[in-house]
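Asks: Before anything else, here's the structure in question.
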Amino acid sequence: MGIHPGALVQLLPQTLVGFFALLMLLLGLGSRSDTSRRYLGLLALLGGVVALIFIFWQWSWVDKSAFFHGAIEVSRYSLFFCALLVSSVIGCTLLAIAYFSEYSSERGEYYALMFLSLLGGLMAVSSVDLISIYVSLELMLIPAYGMTAYRRRRMRGIESALKFFLPGAVSSAMLLLGIALTYGVFATTNLNDIAGFAPQLSEVPHSWASLGLAFMLAGLLTRMAATPFHAWLPDTYEGAPSPVAAFIDTAIKIAVAAVLVRLLIQPFYAFAKGGAGWRDLMWLLAIVSMSFGNLVAIVQQNLKRMLAYSSIANAGFILAATATLTQSAASNGAGALLYYLAYYVVVSCGLFAVVVLLGRFGKDKLEVDRDLQGFGYISPALGAAFSILLLALAGAPPSMGFFARFQIMRHLMGHGMTALTLVMLANMMVALYYCLRVVAVIYRKEKTDSPTTLAVHYPASLVAAIALCAVLALLLGVYPTPLQAVAEAAAASLF
Amino acid sequence: MELESLHLLSLMIFLPLAGALMIGILPAREYALARGFGLAWSGAVFILGILLWLGFDPNTPGLQFVEKASWIPSLGIGYHLAVDGLSLPFILLTAFIVPLSIVASIDALKKVAKGFVLSVLLFESAALGAFASQDLFLFYIFSEFALIPLFVFIAIWGDRNRSYSAIKLFLYPAAASCLLLVAMLWLYFENATQFKSYSTDLATLAATALPQGTQMLLFSAFAVAFMVRSAIFPFHSWLTDAIDAAPPAATILIPALLLKLGLYGMARVALPLFPLGADSMLTIVASFAVVGFVWCALAALAQKRLRRMVAYLLASQMGLAFFGLAVMNVEGVSGAFYLAISHGIAGTLLLIVVGLYERANADDRIDANRHPLRFLPWLTFMLTMAALGLGGLPVAAGFPGVFYVLYGAIGHNGLSGSLPLALISVFGLLVFVCGLAWMVQRMVFGSYTAPERPLRIKLREYLLLVPLALLILLLGLFPSYFVRGLENSATQLVDGYRDKVVLEDSQEEPQIAVQNITKEREE
């Protein structure tokens, strides 16, 4: 299949992001003064916004079409994920601008790396071929390793990068092994072709193909940090610069979830049922992951580690949604999953923005009981935004978190998974407990009379990020219909 | 009626929200301004409430002031508000108590006026929304959201053990509501399969045909959620901890309004949705309620701190109200609602007086008071009024409630085992009244030394108590004038419930059903 030049317009988001990545790399090399480097952050912001605007425009006319011999497919599904990825990168850029201005090590390479990683993500969510999925995910991860160790003189940064890199490398190997096994059974790596062959296998589920799927799932779930593949996450978050932790928490999780949904719903849908089917597996992993993450989060003293374990729990919620995937548009949990991911981008970016801001008070370690006391009184607006984000993370109504979980539970109940719904609700209570604890601490008056009125400069980018995320977390919870409609439309375009 | 076109209910719900946003942007140090705004907004809501009360037709038992719009159409979730005789008293109670609680906080919570007023208004919005909702999802959202400002009250303005109490206040009802959520989703899908379209509207959900076993399961989930919300035994400890943790001025709204959400939810949601399940479970609910009534009254006698004693007394009376509702005849239901209203008003008065008492003694240990109220005859009078109102003595507000509940329970009805329960609750009432009397005695007399520095009570604080005391008297004398249309709506609720139960029973055991019908006709 030849490539029509006009059809390449459909890949313009990816092209734009790649162009901006290279541009920032060049400009970063050329600029020597701090002031000129400062503009690189704004350039990254511009690149993100331009790509986002293009994606919005493309949404209105896009038609499902394949390129590069069927390896890349542009549809509303891929566009939804592209928009989420670009939005999360815009959020992370806002964080990075504030974060690196403080450490005066702002360089072009950071934004170039982030955009390269984003490019990998954009390709991964549009891929319908196992090889291109693998390559895109690698493109996404390798710059992220570099970003994690970006403040290379900090031991903790190096440690966290190593802890990120080693499981990442193993996960790549597992993914590749799974792809090889799948190729051995189907003699093709194209997902649509596999989907056509799978029901015709002599035995369904085929044992070798199941093994291949299992390896691929292990590889993907490691990147999503679902229990039992989560061990790298807390240390990585704690040591990585907060904007990078936000990037790993949002962008990588989203891209992996997009691939996961595609794999389960298209080529391997025939493997859903039965004792060793993926539906039961996802059901089990969801329970394990959400319960483990939330229970361990209770005892965390460090805010970043608490967010890390909450991220593991949220991976569990995402897996719960994957357990309700079907190929019919009516009872398909994919739309709920997509909404959930959008919610997660908003909340995670907002909370990491607060973490970056707290870092400016000279409290790098962020022990909840010690360092956060009285924070709500320093700036009431900020305290309110922080509380809203925490409540949204816990899923209290009427925030976006509640509606996102409500939709997943709705589908779970529709599939008769009452037990999983109850476990999920119990987990929401646990999450509510540790999030409320933080809210109670930030409004605890300090023992000394003088409140910490440190003369802290609030960077505009950070305030914008926190305000935007808090407002969205509340607004999209009260009026979820538009986002929900978009998510459903994106999910429907899978078939 | 032109009032119908005013969207009074929406106005009442969203005015406080707008007020909260406006107060949010005021500078933090403008205490007086924040309070003034809060009072103005909640006062406006109260005036709207009066309009609602005047426009309400007490002879129509059904829904009035209906507002209906779609909210999340793909899930069938609607924005459906309405009032009837069951919700009107609580809406008025909310609109009445909220401005008073802002005034009561002026001296108790001086420097935190902005945040406090803001949270009070948010709570008012949520509570009014919950009382007016005719959509289950909307009701759930509003009643959960109501917990957040209350959490903030305790977490920020509490003075002892507040983190623990605040989190408990949130988690107890919220965890129980999770059961409700699952049951709600279950019902939602059953309804969707039967009607081929999704809906969370209460009227539509009530039409779902469910077997008795399922109904029992779902009713239990709803009942537990509402019992926790109303602090019914054995789920009352969050209430006592919450009231113990903060100055009384900050906790007025919890017993006065939050507890009512449980009772109201039971009558509005659980009983009409699952009449068959309720029919076989109500005796258990009633038993817990009555045991709680006695238990909490006894526990109140053992308390060493005034706040805890008041908390137990307040928790105790909700048990009696729940018992009245569980009896499920017109007298019982009306009694439960009368009792809930008088509980709200007399409880508020009691908490305000306790707050002043604490200020006088700088402590709330009951036996350590060096400044008994007998030197403040006006406060003594108010305290006695509150005790009379709670205790249900004739001519005071609690009387119609207590009388109707016991009358309903002892008289004719369908609840098995209500007679022994009624006898136990008569005993409970005795303990309860003794507890009240003992509390009054210890607060009023206490030690015999005259105080060196008498407590100065401002005129404003005196005046604040007047409308409450007046209302206690008026509600005792003319209950049905103020609580309009309650009995009509209660009759409708009970008739609808009995019809469904009898209808279902008649398919299995026609003879008993006929007997039931004839029995009811005779009555």
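Only the coordinates and a few stated rules stand behind these numbers; no lab work does. Here the structure is a predicted model, which means the values were calculated and not measured. Note that each Cβ is placed from the backbone with ideal geometry, even for glycine, and that neighbours are counted across all protein chains shown.
Asks: Taking θ as phi - 60°, what are the ³J(HN,Hα) couplings along the stretch B:173-188 by the Karplus curve (6.51, -1.76, 1.60), each to the nearest whole Hz, with x for Gly and Pro?
Replies: Working through the residues one at a time gives x, 5, 5, 5, 5, 4, 4, 4, 5, 5, 4, 5, 5, 4, 4, 4 Hz.
Asks: How crowded by other chains is B:175-185, given as the mean number of beta carbons from other chains within 10 Å of each beta carbon?
Replies: What the average comes to for B:175-185 is 5.
Asks: Could you check the spin-label model distance between B:Ser70 and A:Trp61? Points 7 Å from the Cα along Cα→Cβ, value in nm.
Replies: Taking the two extended label points, one gets 3.0 nm.
Asks: Would you kindly derive the ³J(HN,Hα) couplings of the stretch B:38-52 from the backbone phi angles with the Karplus curve 6.51 cos²θ - 1.76 cosθ + 1.60 (θ = phi - 60°), listing them in order in whole Hz, with x for Gly and Pro?
Replies: These are the phi-based 3J(HN,Hα) values: x, 5, 5, 5, 6, x, 4, 5, 5, 4, 4, x, 4, 4, 4 Hz.
Asks: Using a Förster radius of 25 Å, what is the FRET efficiency between A:Tyr39 and A:Ile142 based on their Cβ-Cβ separation? Nearest 0.05, please.
Replies: Values: r = 26 Å, r/R0 = 1.05.
Computed FRET efficiency for A:Tyr39 and A:Ile142: 0.45.
Asks: Can you tell me the 0 to 90 degree angle between the C-alpha axis of helix A:400-414 and the longest principal axis of chain A, rounded to 10?
Replies: 30
Asks: Mind ordering B:35-43, B:327-335 by average Cβ neighbours within 10 Å, highest first?
Replies: B:327-335, B:35-43
Asks: Helix-derived [θ] at 222 nm for chain A: sum -39500 (n - 2.57) over DSSP H runs of at least 4, divide by residue count, nearest 500?
Replies: -24500 deg cm²/dmol
Asks: Also, I was wondering about something else. Can you sort B:Ile366, A:Ile142 from fewest to most other Cβ atoms within 10 Å of each residue's own Cβ?
Replies: A:Ile142, B:Ile366
Asks: All other residues with a Cβ under 15 Å from the Cβ of A:Leu260 taken together, and with Lys, Arg as +1 and Asp, Glu as -1, what is their net charge? The partial results should precede the final answer.
Replies: Details: positive: A:Arg223, A:Lys253, A:Arg262, A:Arg279; negative: none.
With Lys, Arg at +1 and Asp, Glu at -1, the net is +4.
Asks: Averaged across the residues of B:302-313, what count of C-beta atoms belonging to other chains lies within 10 Å of each residue's C-beta?
Replies: 0
Asks: Here is a follow-up. For chain A, what is the relative contact order in percent, using Cα pairs closer than 8 Å and at least 6 residues apart in sequence? Before the final figure, lay out each step's value.
Replies: Values: 804 pairs, mean separation 76.5, N = 495.
Averaging sequence separation for qualifying contacts and normalising by length gives 15 percent for chain A.
Asks: I'd like the Karplus ³J(HN,Hα) series for the stretch B:278-293: coefficients 6.51, -1.76, 1.60, θ = phi - 60°, whole numbers in Hz, and an x wherever there's a Gly or Pro.
Replies: Result, ordered by residue: 4, 4, 8, 9, 5, 4, 5, 4, 4, 5, 4, 4, 5, 4, x, 4 Hz.
Asks: Ok, one more. What whole-number volume per residue, in cubic angstrom, does the convex hull of the C-alpha atoms of chain B give?
Replies: Output value, Cα hull per residue: 133 Å³.
Asks: Another question, if that's okay. How big is the protein assembly as shown in terms of Cα radius of gyration and Dmax, in angstroms?
Replies: Gyration radius and largest Cα-Cα distance of the protein assembly as shown: 30.7, 102 Å.
Asks: Can you put B:Tyr79, B:Tyr264 in order of Cβ neighbours within 10 angstrom, beginning with the fewest?
Replies: By the 10 Å Cβ count, ascending: B:Tyr79, B:Tyr264.
Asks: Further, regarding this structure: For the stretch A:278-495, calculate the relative contact order in percent as a whole number, restricting contacts to Cα pairs under 8 Å that are 6 or more residues apart.
Replies: Relative CO of the stretch A:278-495 lands at 29 percent.
Asks: For a quick check: with amide H placed at 1.01 Å from N, whose amide H comes under 5 Å from A:Asp129's, ignoring anything fewer than 5 positions away on the same chain?
Replies: A:Leu191
Asks: Express in % the proportion of alpha carbon pairs of the stretch A:344-402 at distances exceeding 16 Å. The partial results should precede the final answer.
Replies: On the way: 764 of 1711 pairs.
Everything past 16 Å amounts to 45 percent.
Asks: From the C-alpha gyration tensor of chain A, pull out the three semi-axes of the equivalent ellipsoid (sqrt of 5λ each), sorted largest to smallest, in whole Å. Spell out each step's value before the answer.
Replies: Details: eigenvalues 244, 144, 82 Å².
Ellipsoid half-lengths, sorted descending, are 35, 27, 20 Å.
Asks: Using a Förster distance of 25 Å, how high is the FRET efficiency between B:Ser480 and B:Phe381, based on the Cβ-Cβ distance and rounded to 0.05?
Replies: Using R0 = 25 Å, I get an efficiency of 0.40.
Asks: Ignoring everything except DSSP H segments at least 4 long, calculate the 222 nm mean residue ellipticity for chain B; use -39,500 (n - 2.57) per segment, divide by total residues, nearest 500.
Replies: Working: 22 runs with 376 residues, N = 523.
It lands at -24000 deg cm²/dmol.
Asks: Summarise the partner chain shielding of A:473-486 as one whole number: the mean count of Cβ atoms from other chains within 10 Å of each residue's Cβ.
Replies: Mean shielding by partner chains, rounded to a whole number: 2.
Asks: Quick one: how many lysine pairs does the stretch B:2-522 have with C-alpha atoms less than 25 Å apart and a gap of 8 or more or different chains? Give me the count, please.
Replies: 10
Asks: Within a 10 angstrom radius of the beta carbon, how do A:Met429, A:Met114 rank from fewest other beta carbons to most? Don't jump to the answer; show the numbers that get you there.
Replies: Details: A:Met429 19, A:Met114 28.
Least to most surrounded, the residues fall as A:Met429, A:Met114.
Asks: Relative contact order for chain B using alpha-carbon pairs under 8 Å, separation at least 6, rounded to a whole percent?
Replies: On the way: 924 pairs, mean separation 80.4, N = 523.
Computed value for chain B: 15 percent relative contact order.
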